[in-house]
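Q: My questions will all concern the structure given below.
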Amino acid sequence: MALFKEKKKGLLGGLFAAFSRVDEDFLEELEERLILADAGVETAETAVEALRHEKGLKGEAVRQKLVDTLTAEMEKAGAPAMRLETKPSVILMVGVNGVGKTTTIGKLAKMYAAQGKKVLLCAADTFRAAAAEQLGIWAERTGADIVRHGEGGDPGAVVFDACNAAKARGADLVIVDTAGRLHNKQNLMNELTKLTKIVSRELPGADCEILLVLDATTGQNGLIQAEQFAGAAGVTGIVLTKLDGTAKGGVAFSIAQRLGVPVKLVGVGEGADDLRPFDAREFAEAMVQ
Ligand SMILES: Nc1nc2c(ncn2[C@@H]2O[C@H](COP(=O)(O)OP(=O)(O)OP(=O)(O)O)[C@@H](O)[C@H]2O)c(=O)[nH]1
Ligand SMILES: [Mg+2]
């Protein structure tokens, strides 16, 4: 399964034409490329340190060592598998506006419906009038149920209703859409904390994945915003979207280090099927060409 729609010029592209083996110049160039690819200074330093002890290493062996190092860094943050064993289970989607939360919910609804799960969508983004409409379209397309209230309603009340509807209707999975923007950031963080509390109160013992959606095209800037969410919402996984729209994508490497949370899914387009499970090694292989 291709991660990237177009073949991109990888981190090592052309590097070996200029350098025949690992030496200080090679390491300097590699560090710069990793930083330019949005991998972050920490990741770049870790990779360079790992190779510094391998002076004289050549060709494919260098590539493999780099792939191993980057994979290990990403795997430190934990396993990418979704934990949704209970009936019902919950996915709470959080992240700043425009990153792809609602679209990812549509993709997930399709994926889980195809696995035979009864999916219920919860329109807890009541801040924008169009938000519930957009989610309603995805519900129709995927055959999922939806719980929604009017614009400006209390998101907590929508989540409360969705949790109880899931119990009453025997749903397997509740996927909650949340606002990416409120009147101020503190309100937003407080609200997310409140929503997670409602879920654990109404569905005690239910598996709950809190997925933070990050737009890969925003690189390191997106990561700074993400840190605030990760702190407030008890995030269990990252969805890295719009990988099809960037030639970089290296931000996946620094997520593990900065947030300590595993990337679980990647978005590679706007369509309903453009979602992939994340595999650290596959990702590192695709990046280090
Ligand atoms: N190319 C590409 N576009 C994407 C991807 N995921 C989402 N989008 C697009 O990004 C835009 C914003 O997506 P939404 O799902 O509305 O984002 P959101 O986070 O729900 O935004 P708010 O509701 O405003 O907070 C839409 O045009 C989507 O089609 C992806 O993986 N690749
Ligand atoms: Mg949305």
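Q: GNM on the chain, C-alpha springs below 10 Å: top fluctuator among Glu24, Glu42, Glu270?
A: Glu24
Q: Using the number of other C-beta atoms within 10 angstrom as an exposure proxy, rank Glu28, Glu73, Glu285 with the fewest first. Each step should come with its number before you reach the end.
A: On the way: Glu28 11, Glu73 22, Glu285 17.
Lowest count first: Glu28, Glu285, Glu73.
Q: What translational diffusion coefficient, in µm²/s and rounded to a whole number, does the Stokes-Einstein relation yield for segment 107-214 at 25 °C and a viscosity of 0.890 mPa s, taking the hydrodynamic radius as the Kirkwood radius over Cα pairs? Spell out each step's value before the answer.
A: Details: Rh = 14.1 Å.
For the chosen part, D equals 175 µm²/s.
Q: Order of Phe253, Phe127, Phe19 from fewest to most other C-beta atoms within 10 Å? Don't skip to the answer; put the middle values down first.
A: Working: Phe253 29, Phe127 20, Phe19 17.
With the fewest neighbours first, Phe253, Phe127, Phe19 line up as Phe19, Phe127, Phe253.
Q: Further, regarding this structure: In nanometres, what is the gap between the two model label sites at Glu60 and Gln220, each 7 Å from Cα along Cα-to-Cβ?
A: The answer from the label model is 3.5 nm.
Q: As I understand it, the value is the acute angle between the Cα axis of helix 219-233 and the longest principal axis of the Cα atoms of the chain; what does it come to in degrees, rounded to 10?
A: 40
Q: Run lengths n ≥ 4 of DSSP H only: what is the helix-derived mean residue ellipticity at 222 nm for the chain, with -39500 (n - 2.57) per run over all residues, to the nearest 500? It would help to have the intermediate numbers written out before the result.
A: Details: 11 runs with 139 residues, N = 289.
Mean residue ellipticity at 222 nm (helix-derived): -15000 deg cm²/dmol.
Q: Then there is this: Alpha carbon centre of segment 147-171 versus segment 198-264: separation in Å?
A: Computed from Cα coordinates, the inter-centre distance equals 24 Å.
Q: Kirkwood hydrodynamic radius for segment 50-182: how many Å is it when counted over pairs of different Cα atoms?
A: Taking the inverse mean of 1/r over all distinct Cα pairs, segment 50-182 comes out at 16.9 Å.
Q: Here is a further query. Note the full-extension length gain between Arg52 and Lys87 as 0.36 nm times their separation in residues minus their Cα-Cα distance, in nm to one decimal. All intermediate terms of the calculation are to be shown ahead of the outcome.
A: Numbers: separation 35, 0.36 × 35 = 12.60 nm, distance 4.97 nm.
Once the chain is fully extended between Arg52 and Lys87, it gains 7.6 nm.
Q: Sequence gap at least 6, Cα distance under 8 Å: using those rules, report the relative contact order of segment 148-228 to the nearest whole percent. Working shown, then result.
A: On the way: 35 pairs, mean separation 22.2, N = 81.
Relative contact order of segment 148-228: 27 percent.
Q: Take the Cα of Glu45, step 7 Å along the line toward its Cβ, and report every residue of segment 221-254 whose backbone nitrogen sits under 17 Å from that point.
A: Residues 253-254 fall inside that zone.
Q: Tell me, Cys122, Cys163 in order of fewest to most beta-carbon neighbours within 10 Å? Don't skip to the end; give the middle numbers.
A: Numbers: Cys122 32, Cys163 25.
Ascending number of Cβ neighbours within 10 Å: Cys163, Cys122.
Q: Ok, one more. Given points 7 Å out from each Cα along the Cα-Cβ axis, report the Glu140 to Glu32 separation in nanometres with one decimal.
A: Inter-label distance under the simple model: 5.3 nm.
Q: Over the chain, what relative contact order in percent results from Cα pairs under 8 Å that are six or more residues apart?
A: Working: 565 pairs, mean separation 78.2, N = 289.
Averaging sequence separation for qualifying contacts and normalising by length gives 27 percent for the chain.
Q: Still on this structure, I have one more. In degrees between 0 and 90, to the nearest 10, how far off the longest principal axis of the chain does helix 185-202 point, with axes built from Cα atoms?
A: Between helix and principal axis, roughly 60 degrees.
Q: Among DSSP bridges having both ends in the chain, what percentage is antiparallel? Round to the nearest 5. If you can, show how the numbers build up before the last one.
A: On the way: 3 of 30 bridges.
Bridges in the chain that DSSP calls antiparallel: roughly 10 percent.
Values quoted throughout were computed directly from the atomic coordinates according to the rules given, and no laboratory measurement underlies them. Computed from a predicted model, the values in this text were never measured in an experiment. When we count neighbours, we look across all protein chains shown, and the Cβ atoms used for this are built from the backbone with ideal geometry, even at glycine.
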